[in-house]
Amino acid sequence: MIGKLRGNIDSYGEDWVIVDVNGVGYHVVCSTRTLSQLPPAGEAAVLEIETHVREDQIRLFGFATALERDWFRLLQSVQGVGTRVALAVLSTLTPSELANAIAMQDRALVSKAPGVGAKVAQRIVSELKDKAPAISLADRGLVGLGVGADGGAQPSAAADAVSALVNLGYPQLQAGQAVAAATAQAGETAATQELIRLALKELAP
């Protein structure tokens, strides 16, 4: 199995790159995020590789970091998520943004990925909540914000408040940190509007 490729970029496609390794060109499918981080054709590059072997083909999926590759593997453990959907999610969200979305059970953020509907997004945040290997990338104050008082995985007031702040133009991580502070101040039973009000105070210069 191929785990890593080190060579020169030969050419690019819409969702793939050919890496020349000692005269052999490897066709590697990548997320748009990884493609955007690779150098121009002719320059050296390194890709972490996930190899999929089937009876009729061998496919290589490439990633800028091992962490992104790990998320690619983990996403496919969710029912209804194949390579296409996993790449779409990783093209839309960074590993830290995805970890935060799972920690907060924010399915709306995950559903921003092309081809990811509300049901699939809900399964991603629900099924990966307890086994995401990169959950440490999520701000510690955010973990659990998306869990309601009944322990369920439905979007909470905190998650709704974060989404509202993101819609106002605040970065996801900054919004999450502000809502975490607001929740600590107002309590876990606070309503969405109260959390937004307190979070905006946290965000005020």
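Here are a few things to note about the model shown:
- Amide proton proximity set for Cys30, modelled H, under 5 Å, gap of 5+: Trp16, Val17, Gly62
- Extension gain, Thr32 to Leu168: 0.36 nm times the residue separation minus the Cα-Cα distance gives 46.4 nm.
- Taking the convex hull of Cα positions in the chain, its mean projected area over all directions (nm²): 12.9 nm²
- Residue among Arg54, Arg84, Arg69 with the largest mean-square fluctuation in a Gaussian network model of the chain, springs linking Cα atoms under 10 Å: Arg54
- Calculated FRET value between Gln57 and Lys119, using beta carbons and R₀ = 22 Å, to 0.05: 0.15
- Global form of the stretch 28-75, assessed from the alpha-carbon gyration tensor, a/c cut-off 1.5: oblate
- Alpha-carbon centroid distance for the pair the stretch 56-98 / the stretch 164-205, whole angstrom: 30 Å
- If the chain linking Asp130 and Val24 were pulled fully straight, counting 0.36 nm for each residue of separation and taking away their Cα-Cα distance, it would gain 34.1 nm.
- Structure remark: mean-square fluctuation, Gaussian network model of the chain, C-alpha springs under 10 Å; the largest value among Ile58, Ile49, Ile102 belongs to Ile58.
- Residue among Ile9, Trp71, Ala158 farthest towards the positive dipole end of the chain, charges placed on Cβ: Ala158
- Structure-based [θ]222 nm, the chain - -39500 (n - 2.57) summed over DSSP H runs of at least 4, per residue, nearest 500: -12500 deg cm²/dmol
- Spin-label model distance (nm) - Arg6 vs Arg197, 7 Å beyond Cα toward Cβ: 5.9 nm
None of the figures in this text is laboratory data; all of them are computed from the coordinates on show. In this text, all values refer to a predicted model and were calculated from it rather than measured experimentally. Note: ideal-geometry Cβ built from the backbone for every residue, glycine included; neighbour counts use all protein chains shown.
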